[in-house]
Amino acid sequence: MLQQAGVGFGWLAFSALAQEQKRFENPLAPKMPHHPAKAKRVIFVFLNGGPSHLDTFDWKPELAKMGAPYLVPQFEFKPRGQSGIMISEAFPELAKQADELCLINSATTKNPGHQQAVVAIHTGNEMFVRPSMGAWVTYGLGTMAQDLPGFVTINPIGDLGGAMNYGSAFLPATFQGTRVSSGGGVPDLGNRVWAESDQVKQLRFMQKANRRFQERTDPGNSELEGVIQSYELAFQMQRSVPEVFALEDEPQHVQDLYGIGNGVTDSFGRSCLMARRLAEKGVRFIQVTSSGWDHHNRMKEALGERAGTIDLPLAGLIADLKQRDMLKETLIVCSGEFGRGAHMDNGGGRGHQASGFTVWMAGGGVKGGLRYGATDELGVKAVEQAMPTPDLHATILHLMGLDHEELTYRYAGRDFRLTDVAGEVHSGIFM
Amino acid sequence: MKLGCAVFGLLWGTTLLGAVEKVVVPWSFAALKRPALPQVEGAWQEMDRFVMEQLMKEGGKLGEAADRETLIRRATLDLHGLLPTVEEVEAFLRSPGSDEVAYGEVVDRLLKSPRFGERWGRHWLDVVRYADSTGRSWNAPFIQAFRYRDWVIDAFNADMPYAKFVAAQVAGDLLPGRTVEERALNVTGTGMLALGSMDLTALEYEQFRLDRIDDQIDVTSRAFLGLTIACARCHDHKKDPVTQVDYYALAGLFESSQTWSGTAHKREHRGNLYVEPEYLFRVSGETKLGSAMRAGGGLNALDAGSGTMMSEEVVQPRNGNEPIRYGYDASLVMAVTEGEMSNCAIRVAGDPYEEGKVVKRGEMAIPSLPPMPKVGPQESGRLQLAQWLVAPTHPLTSRVMVNRIWAHLFGQGIVRTVDDFGITGEKPTHPELLDHLAVKFVEGGGSMKGLIRMMMMSRTYRQSSERAAGSEVARELLAGMPLRRVEMEVLRDVMLQVSGQLDLTRPEGVQVMGNGGKGNSGRTRAVIGVESPYRTVYLPVLRDLLSPMQEVWDFPNPSQIQGQRVVTTVPGQGLFMLNNDFVMEAAERFAEGLMEVTKGDEVRVERLYQVLLCREAEDEERAEALELVAELGGGVEGFSGLAQMVMGSAEFRYVR
């Protein structure tokens, strides 16, 4: 009977013992949230370098009237959509989705240094090595797709903390982000010698040995059950992972939506389409990264060029999720590590600013067409509904059905959380 | 699982009535007492009596003794992290002595081999967050960290008394030594304090400085005491009786010390180099150091050009595209030595610029722990800290270490939370056994080999791992030997070993390159990686740059103190065994060797089981194996496919 099992195996069904014993607890199995979730998954779009809010999503008419040493907004702002929220000409495509966007104009972070702020937005803590937000979410909720990693980060930055930004620190390594490039990236998916049919034979032999070993030595051992299951899943992943990254399977009109094939938008468009395909499969936390947003010089040209690479793909991502009825349960969060100041930097750009910047969200239970919080007249400091990093994290967790105070892990004698001792949920942005 | 006071009717917390308020101290602060030996029949070692008594109360009993094949495999994996050879297994099976004598000889042989320190030194390196780079934003390499690593390995091999082992890591620079070499080795021990994960680009230097002190307090208190004193940096400890005053009393010790890490904060460096050999400590008598290290550990390689390369001869790349390489200078080590004496001011809420009361260094007053010796005006106080830690009456030092050693042999500690003996940690499942072992450890002069031998000679350790029956509680109380998955190092080393690729020498010289940050010449890299033939303990451990092999097999995050590894079982491990080139290569080389030394497929299958699983193949297995070999086309290819699957099997990956 065992020999006939073939591809897909299903050894569990053959073992009466397996049903009696304590079930192996897969750490990535879906878990119940603390409260009903508005969003089932997160797509976190990280803009590395600190994009200017003053030239994009935070309309400051007073700044437009200022002369030197200030730098006036470099792009014209216009009211958009039915909501009429102001978005600049740097993002004309995204502006068409204005009624889906929730602009949080009052984000703040502690430290205006790239390294510290990047690590802080990813892990909540610039001083110590802590698990990343994606690791916390995956730890809290598991994932829906057992044949894919639970947390995937597409083309992450290699410096500024590097792997720390998708790491699991003291959480089990299972929860860390799997780094993929536009061409895949999950290690060991293919074999240089064996064809799939050979591997079926190999696995049949090994699983029989594993089952015999388990029954003879320690039938109640859930870890051994895990070993057996891990091979079954591994074998499935050899197919499912390349499938999910096969962007060429998408019809042309969908590829066009993301700007694939166009030199300017192709690379980021691929990342976004990959994100949608992962989301569709049930991956819990997906991060997409765009670099080059540190505009000390030539704001108009530099920002314009960068925005051109992501504007269409992001608008396409929102439209595509909407048409698949996935937007309402997919939370898109787009943020840099900080924003930029009102003064002109020596090269016609702007310097770093941690005291007020813009994060935008879409889908996943947040109100669209909303401008939430505010900076002061010149956009220098958050003055209304300020949202420091722990608040941002607490709010994202809340949308995912997680209470940021309850999501803890015991390490070194204390219960750690993503938000440490801070964090307030901003329910004002909820639908 | 909670085996709390309800089960055993014991009172864990002790309450001290202070003048004004009640302070709850953890169970582990109680004085060490020699417990009475339980009256139980059939024990092989005194420690068995405690295990057996506890099991009897739960209606369980120890399992059958393991057979010799199982025992030698278990002992060799536990002590060396390698498999016994077919010849070693056969010699043990044929040994005419009683089990007690023959097995005792095996244990003694294993303890004498330098492979022992390579295995057990790595256990300690997990505890002290060992790494060859700073991690964090810049991630510069520590070019001399390996000196400390080798010191740890050699200390285990030399069976350095635990008190000396502790003292050298806290205050090795202040310990007496008969010779120049001995003093140099003592200083090398303090490398532990200089290995922290630091943000070299932190904007505020004061923050950087205080973070480093915090790391030093954290590693010292958790590694040796199982106490989280670093929790009291910003406020009094929320659970344990440790105050902010205690924290800053300890901080003063490190503030009065000089840290030599070989890396520079951006405020300190010259010419944009974050690696700065001038910030390494120069020991005297460097030319003889290599030979001294060899005498201690019986190993080679340290004399490679030792003492000839000076620090300024950092090898520069020929052009800007090649990684920066470093020459080896045997006189330089990472260290902590006496610095400028000062006391540390409390930082209100941990804010580096908000100074409160200045605390006299060394004046810790943790209730019910012995007082620390007085610190003189011209002393940092690290020597006193070391004296305090290793005092035979200190209730934590010995309990914490015997528990760590226990956990490595039995899968989990008597106190499950091996790094936390405070209020928030778990209570011991066998409190009297823990004290029995701690007392024996102290009386045995702190011999780690002696303690390990005692545990391994016990009936408890020598049980079979076949655990068909018994309650959940009895299992947790060691009715039957638990199966333990081998660590990433063991898995890799054993695959190299069976395929004839393993190189047992120490790699020579500095095995990290780069200067940190970005760019071809700067980016930190290892010279030797997982594809090299060296034992895994000798491969550089780069923070935030762990190899996929390390990540998939739960190698601990080297920025975190982790005395007990997490074991996750995930599909990535399945993919690794099915497809990874390292595994494929090991299987292929093994099969090639098999074809050369044996003739006939049946004999080959027999040999394969003996080498990989240290036992004979059963009839059923032999038939299945031959079938697979044939299905895969027979010959080297067929056997390589078979060997790969046996290496991937649970039996191979577990110590049974």
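Exactly one residue out of A:TRP136, A:TRP59 is away from every other protein chain (no Cβ under 14 Å), among the aromatic types (Phe, Trp, Tyr) and closer than 27 Å to A:TYR411 by Cβ: that is A:TRP136. Among the residues making up region A:138-177, a single one is free of Cβ contacts under 8 Å to residues at least 40 places away in the same chain and not small (Gly, Ala, Ser): A:ASP159. With respect to B:ARG543, determine if the residue is more than 8 Å from every other protein chain (Cβ to nearest Cβ), touching a Leu at 6+ places or on another chain (Cβ under 6 Å) and in a loop (DSSP other than H, G, I, E, B). Judged against the criteria, B:ARG543 is not a match. Among the residues of region B:41-61, those that are in contact (Cβ under 8 Å) with a residue 40 or more places away in the chain and part of a loop (DSSP other than H, G, I, E, B) comprise B:GLY42, B:ALA43, B:TRP44, B:GLN45, B:GLU58, B:GLY59, B:GLY60, B:LYS61. Checked across region B:583-605, the condition of being closer than 19 Å to A:LEU203 by Cα, in a helix (DSSP H, G or I) and free of Cβ contacts under 8 Å to residues at least 40 places away in the same chain holds for at least one residue.
A:ILE228 passes every criterion in (1) crowded, with 22+ Cβ neighbours inside 10 Å; (2) more than 18 Å from the chain's Cα centre (by Cα); (3) closer than 28 Å to A:ARG41 by Cα apart from (3).
Can you name the residue in region A:164-176 that is in a helix (DSSP H, G or I) and out of contact with any Leu (no Cβ under 7 Å at 6 or more places or on another chain) and, of all such residues, is modelled with the lowest pLDDT? Per the criteria, the residue is A:ALA173. Being away from chain B (no Cβ under 14 Å), out of contact with any Phe, Trp or Tyr (no Cβ under 9 Å at 6 or more places or on another chain) and not in a helix (DSSP H, G or I) holds for only one residue in A:ARG371, A:ARG350, and it is A:ARG350. Testing A:ALA135 on (1) assigned to a loop (DSSP other than H, G, I, E, B); (2) surrounded by 24 or more Cβ atoms within 10 Å (Cβ to Cβ), one condition comes back false. Which one is that? That leaves (1) as the condition not met. Looking across region B:347-386, the residues that are surrounded by 20 or more Cβ atoms within 10 Å (Cβ to Cβ) and over 27 Å from the mean Cα position of the chain (by Cα) come down to B:ARG347, B:VAL359, B:ARG361, B:GLY362, B:MET364, B:ILE366, B:MET372, B:VAL375, B:SER380. Number of residues in region A:99-120 that are under 29 Å from A:MET86 (Cα atoms) and surrounded by fewer than 24 Cβ atoms within 10 Å (Cβ to Cβ) equals 8. Going by what's in this entry, would B:ASP67 be described as surrounded by fewer than 14 Cβ atoms within 10 Å (Cβ to Cβ) and at pLDDT 95 or above? Criteria met by B:ASP67. Hey, can you tell me all the residues within region B:387-405 that are surrounded by fewer than 24 Cβ atoms within 10 Å (Cβ to Cβ) and hydrophobic (A, V, I, L, M, F, W, C)? B:TRP388, B:LEU389, B:VAL390, B:ALA391, B:LEU396, B:ILE405 - these are the residues of region B:387-405 that are surrounded by fewer than 24 Cβ atoms within 10 Å (Cβ to Cβ) and hydrophobic (A, V, I, L, M, F, W, C). Please work out which residue is surrounded by the most Cβ atoms within 10 Å (Cβ to Cβ), limiting yourself to region A:382-425 and to residues that are in a loop (DSSP other than H, G, I, E, B) and touching a strand residue (DSSP E or B) at 6+ places or on another chain (Cβ under 6 Å). Once the filter is applied, the top-ranked residue is A:ALA386. Only one of the listed residues (B:GLU487, B:GLU432) is touching a residue at least 12 places away in the same chain (Cβ under 8 Å) and within 14 Å of chain A (Cβ to nearest Cβ). That residue is B:GLU487. For first residues located in region A:316-337 and at positive phi, partners that are surrounded by fewer than 23 Cβ atoms within 10 Å (Cβ to Cβ) and lie 6+ apart or on another chain with Cβ distances below 9 Å do not occur. Of all residues in region A:154-162, at least one satisfies being at the interface with chain B (Cβ under 10 Å from one of its Cβ atoms), assigned to a helix (DSSP H, G or I) and either at pLDDT 90 or above or under 24 Å from B:PRO556 (Cβ atoms) (or both). Among the residues of region A:59-67, none qualifies, meaning not one is in contact with a helix residue (DSSP H, G or I) (Cβ under 6 Å, 6 or more places away or on another chain) and of a type in the set (A, V, I, L, M, F, W, C). For region A:183-235, the tally of residues that are among the aliphatic types (A, V, I, L, M), in a helix (DSSP H, G or I) and either at the interface with chain B (Cβ under 7 Å from one of its Cβ atoms) or closer than 21 Å to B:GLU637 by Cα (or both) stands at 8. Here A:ALA117 fulfils each of the conditions (1) more than 10 Å from chain B (Cβ to nearest Cβ); (2) part of a loop (DSSP other than H, G, I, E, B); (3) farther than 23 Å from B:GLN573 by Cα apart from (2).
Annotation: of all residues in region A:172-182 being facing another protein chain (nearest Cβ under 7 Å) and not small (Gly, Ala, Ser), the one that is surrounded by the fewest Cβ atoms within 10 Å (Cβ to Cβ) is A:PRO172. Would it be correct to say that B:THR220 is out of contact with any strand residue (DSSP E or B) (no Cβ under 8 Å at 6 or more places or on another chain), at pLDDT below 95 and not hydrophobic (A, V, I, L, M, F, W, C)? When the stated conditions are applied, B:THR220 does not pass them. Checking each residue in region B:129-140 for being buried (at least 24 other Cβ atoms within 10 Å of the Cβ) and away from every other protein chain (no Cβ under 14 Å) picks out only B:ASP132. Of the candidates A:MET127, A:MET86, the single residue that is farther than 30 Å from B:PRO556 by Cα and either more than 20 Å from the chain's Cα centre (by Cα) or assigned to a strand (DSSP E or B) (or both) is A:MET86. When region B:556-582 is filtered for residues that are under 25 Å from the mean Cα position of the chain (by Cα), at the interface with chain A (Cβ under 8 Å from one of its Cβ atoms) and not in a helix (DSSP H, G or I), the ones remaining, listed by number, are B:ASN557, B:SER559, B:GLN560, B:ILE561, B:GLN562, B:VAL566, B:VAL567, B:THR568, B:THR569, B:VAL570.
The values are calculated or read from the model by the stated rules, or taken from the named source; none is laboratory data. Quick caveat: nothing in here was measured; it's all calculated off a predicted structure. Methodologically, a virtual Cβ is constructed for each residue, glycine included, from the backbone with ideal geometry; neighbour enumeration extends over all protein chains shown.
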